[in-house]
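J.: Structure in structure tokens, see below.
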Amino acid sequence: MKIFKRKNDSTRKERTASLPFRINIIFIIVGVLFIALLTQLAYLQVLYGTKFKAEVSRSDMTTVTGNVQRGMIYDSTGKLLVGNSAHQAIVYTKGVNALTSDLYNVATTLSKYVSVPTNKLTQRQMEDYYLSNPTNLNTTLKKIPNVNQYSVTARYNMALNYLSKSGIQFNAAEKNAATIFAKMSGAYQLSTVDIKDTGVSKNEIAQVGEHLSEMPGVNVGTSWSRDYPQGTSIQNLTGTVSNEQTGLPSDKVNQLLAQGYSRNDSVGQSFLEQQYEPVLRGSKSQTQVILNSQNQITKEIKQYGGQKGDNLQLSLNAKFQNDLQSDVRSAEASAGGYSTGTYAVVMDPNNGAIIGMAGVSRDPATSKTTTDPLGVINSSIVMGSVVKGAMVSGALMDGVITPTNSLQTDKPIIAGGTKKSSWFNHNGGSDTTVDASGALEISSNSYMMQLAMKEAKFNYVEGGGLNMNPSIFNTLRGYFNQFGLGVPTGVDIPGETTGLIGPSGKANIGNALDESFGNYDAYTTMQVAQYISTIANGGYRIKPHIVQAIRGTSPTGTLGPIETTVMPSILNYVDMTPAEKNVVTQGLYQVVHGTNQYKTGGMLDTIHPEISAKTGTAETFYKGHQTVTLSLASYAPSTHPQVVVALAMPNLDVNAESNNMQLAKQIYSDYWKDVD
């Protein structure tokens, strides 16, 4: 039987044979795509996984911070000087999806129940509030020709410009709402700002509480402000703190924002509040907020409750500080004439602790006085003879005199066509021979000028030219600097000045003689205090400090345990032998207790325990009027000193003689009464 092969059977076999090939091609393509997908996933996971994870976390989780109480400031006895007063506040937390129109509605509603100061409201802020109402914005835009051809931003700016030119007026209620709106607008998402943090009335609290459901984000919270149990005058030392109204200091906004501050945070603006800001600020609370895809808060987890700022304990004694300021003010009240102020520093010479610092500045034109304790670190004054202890010390270190060979005759110095003399020997009728200690006792200008000429290796001839090497300025100032005169003292309060240095050089060589007895360069009262402390403690120049410890807070809210103690910081040591030091300390003792008829500090010999001192009188001028500046540098007891008193009274009447000593007697009396 003959078998016939059908044509379609052959075709079927061909198709069957090609099927595996096609499937293999598909598998290969799928494999390649799968490999590409895996490669892309690995690429994203390895190189960008962290970035995308952070992005998802940022979108789904946000950490909200909350403010804490600022650290407080106490005096050396534990008395509260600067505290915190808690009070209720109206606050607003900006939502994630809050629109400008939402802020408008909330601000307008809240303004019905709360009144805020509007004195700082700007025209632009009022216009922004007005245009945040969609109806007002559309109405304004319809008045501008061809406005739709511009971008959204351009249209808004055109609306602002139209309002500015139209002279639209806002009533008191609208200004109140606009101010609230401006504060809300300035908040970041999920950040809380104070709408009103002072002077919130009970009625405002009640009204807001009753209508909270109408104002998303608005709440009644707690705010703190600084209070001063011992009086607000301490602010002149401790400084001030910004508040919700003042905001962060404009010159430091970016720096503070980078450090984690919010725009409405409190921050130290001056003096100790500024200097010790990292200590006082505390650490904010942290709450993790979890959001859903619609940016709605679904959960809040408190991660950290925050910690109140640490406290400062000052070396100041509050009672003595008040008495010292009163003493200075009373002394200034009796000064009169062209007096420009009175300043005093009381310090422990052994560790640099400032026990009291007070000052009063005065405008001679109006006789108006202003409390100015910081004047002791930023007012430069030609002090006069108080610096002679440093002058004698420099001459001893330079070797131009020795403890056993220091005799010189006080006589007028006539050189370079001028005559300069001591206060008691203007015409040479009272020439007297004294040693270095005796020269301090009678405050001999002639003796100091002769020391300067010896240090310059200048051979003085009466009536001859004054051809000293100008390097003498550097020599004298170098020794003065070792005691703190003319250099920073290092005090822990911002704003210290280093005094004023007069011109040097050959043309001013005559002033080198004035420099030797303190009638040329200008110093601060704090520098004088450091100088006399260096003598009193045996040669150690120590940084003055007003903060003695950083302390925590006890469970009851009072002053807590010591966390850091401010240790004495030695800046340099004045390398003098015991015999050389004795020459100077003996001279300062004789200023008060000596037997020479020309001793200058005899009025102080009634102070007990007994003191050593150097008085100062400088011939000065105020706006062309001749004046005198009185000063004093002293320590007590004369043996084993424990307290230093330095003071300055610039531009008194030329007849003033004992104002400085009268003030010193009162200060010592108050010190022994209040402190020891």
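The values are calculated or read from the model by the stated rules, or taken from the named source; none is laboratory data. Keep in mind the model is a prediction, meaning the values are calculated, not measured. With ideal geometry, Cβ positions are generated from the backbone for all residues, glycine too; neighbour counts draw on all protein chains shown.
J.: Of Tyr671, Tyr635, Tyr589, which residue is hydroxyl-bearing (Ser, Thr, Tyr), closer than 16 Å to Ile532 by Cα and within 34 Å of the chain's Cα centre (by Cα)?
T.: Tyr635
J.: When the residues of the stretch 84-98 are filtered to those that are assigned to a loop (DSSP other than H, G, I, E, B) and touching a Ser or Thr at 6+ places or on another chain (Cβ under 9 Å), which remaining residue is farthest from Gly557 (Cα to Cα)?
T.: Val96
J.: Does Ser393 qualify as being in contact with a helix residue (DSSP H, G or I) (Cβ under 9 Å, 6 or more places away or on another chain), buried (at least 22 other Cβ atoms within 10 Å of the Cβ), part of a loop (DSSP other than H, G, I, E, B) and among the small types (Gly, Ala, Ser)?
T.: So Ser393 does not fit the description; no.
J.: What about Ser111, is it in contact with a helix residue (DSSP H, G or I) (Cβ under 8 Å, 6 or more places away or on another chain), within 24 Å of Glu210 (Cβ to Cβ) and of a type outside the set (A, V, I, L, M)?
T.: yes
J.: Oh, and also: Take the residues in the stretch 552-570 that are among the β-branched types (Val, Ile, Thr) and in a strand (DSSP E or B); name whichever of them is surrounded by the most Cβ atoms within 10 Å (Cβ to Cβ).
T.: From the stretch 552-570, those among the β-branched types (Val, Ile, Thr) are 553, 556, 558, 562, 564-566, 570; that's our starting set.
Adding the requirement that they be in a strand (DSSP E or B) leaves 553, 562, 564-565, 570.
Numbers: Thr553: 19, Ile562: 12, Thr564: 11, Thr565: 10, Ile570: 13.
Step by step, filter the stretch 552-570, then rank; the result is Thr553.
J.: Do any residues in the stretch 612-640 that are of a type in the set (D, E, K, R) have Cβ atoms under 6 Å from those of residues that are buried (at least 22 other Cβ atoms within 10 Å of the Cβ), where the two are at least six apart or on different chains, and which pairs are they?
T.: From residues that are of a type in the set (D, E, K, R), the pairs are Lys614/Val386; Lys614/Gly389; Lys614/Leu588; Lys614/Val591; Lys614/Ala633.
J.: Something else now. Please tell me if Gly305 is at pLDDT below 95, touching a Gly at 6+ places or on another chain (Cβ under 8 Å), under 23 Å from Gly71 (Cβ atoms) and not basic (Lys, Arg). Even if it seems obvious, please write down each step before you answer.
T.: On the way: at pLDDT below 95: yes; touching a Gly at 6+ places or on another chain (Cβ under 8 Å): no; under 23 Å from Gly71 (Cβ atoms): yes; not basic (Lys, Arg): yes.
When the stated conditions are applied, Gly305 does not pass them.
J.: Moving on. Would you check which residues across the stretch 614-628 are within 14 Å of Asn655 (Cβ to Cβ) and touching a Leu at 6+ places or on another chain (Cβ under 7 Å) and list them?
T.: Thr617, Thr627, Val628
J.: Sticking with this one: Of all the helices (runs of 4 or more DSSP H) wholly in the stretch 115-230, which have at least 3 residues that are in contact (Cβ under 8 Å) with a residue 60 or more places away in the chain?
T.: Passing ranges, in order: 172-185, 202-210.
J.: Just one of Gly624, Gly616, Gly602 is closer than 22 Å to Tyr523 by Cα and at pLDDT 95 or above; which is it?
T.: Only one candidate passes the filter, namely Gly616.
J.: Could you check the stretch 507-551 and list, in sequence order, the residues that are among the hydroxyl-bearing types (Ser, Thr, Tyr), outside any loop (DSSP other than H, G, I, E, B) and within 18 Å of Thr418 (Cβ to Cβ)?
T.: Ser516
J.: Which one is nearest to Tyr156 (Cα to Cα), of the residues in the stretch 99-114 that are out of contact with any His (no Cβ under 9 Å at 6 or more places or on another chain) and in a loop (DSSP other than H, G, I, E, B)?
T.: Within the stretch 99-114, the subset out of contact with any His (no Cβ under 9 Å at 6 or more places or on another chain) is 99-108, 111, 114.
From the residues that got through so far, the ones that are in a loop (DSSP other than H, G, I, E, B) too are 99, 111, 114.
Details: Leu99: 16, Ser111: 25, Val114: 29 Å.
Selected residue: Leu99.
J.: While we're looking at this one, here's another question. Quick one: how many residues across the stretch 489-528 are over 35 Å from the mean Cα position of the chain (by Cα) and surrounded by fewer than 21 Cβ atoms within 10 Å (Cβ to Cβ)?
T.: 6
J.: Moving on. Look at the stretch 571-591 and say how many of its residues are in a helix (DSSP H, G or I) and surrounded by fewer than 17 Cβ atoms within 10 Å (Cβ to Cβ).
T.: Number satisfying all stated conditions: 3.
J.: Being modelled with pLDDT under 95, touching a Gly at 6+ places or on another chain (Cβ under 9 Å) and hydroxyl-bearing (Ser, Thr, Tyr) is the filter; apply it to the stretch 529-571 and report the residue that is farthest from Ser380 (Cα to Cα).
T.: Ser554
J.: Could you tell me how many of the residues in the stretch 205-220 are small (Gly, Ala, Ser), surrounded by fewer than 17 Cβ atoms within 10 Å (Cβ to Cβ) and within 21 Å of Ser115 (Cβ to Cβ)?
T.: So the answer is 2.
J.: With respect to Tyr188, determine if the residue is within 27 Å of Gln269 (Cβ to Cβ), hydroxyl-bearing (Ser, Thr, Tyr) and surrounded by fewer than 15 Cβ atoms within 10 Å (Cβ to Cβ).
T.: Values: within 27 Å of Gln269 (Cβ to Cβ): yes; hydroxyl-bearing (Ser, Thr, Tyr): yes; surrounded by fewer than 15 Cβ atoms within 10 Å (Cβ to Cβ): yes.
Yes.
J.: Right, next: Within the stretch 268-291, restricting attention to residues that are at pLDDT below 90 and touching a helix residue (DSSP H, G or I) at 6+ places or on another chain (Cβ under 8 Å), which residue is farthest from Ile550 (Cα to Cα)?
T.: Leu291
J.: Please indicate, with yes or no, whether at least one residue in the stretch 81-102 is modelled with pLDDT under 95, charged (D, E, K, R) and surrounded by 15 or more Cβ atoms within 10 Å (Cβ to Cβ).
T.: Yes, that holds for at least one residue.
J.: Turning to a different aspect of this structure: Hey, among the residues in the stretch 122-136 that are surrounded by 18 or more Cβ atoms within 10 Å (Cβ to Cβ) and of a type outside the set (D, E, K, R), which one's nearest to Arg155 (Cα to Cα)?
T.: Here the answer is Leu131.
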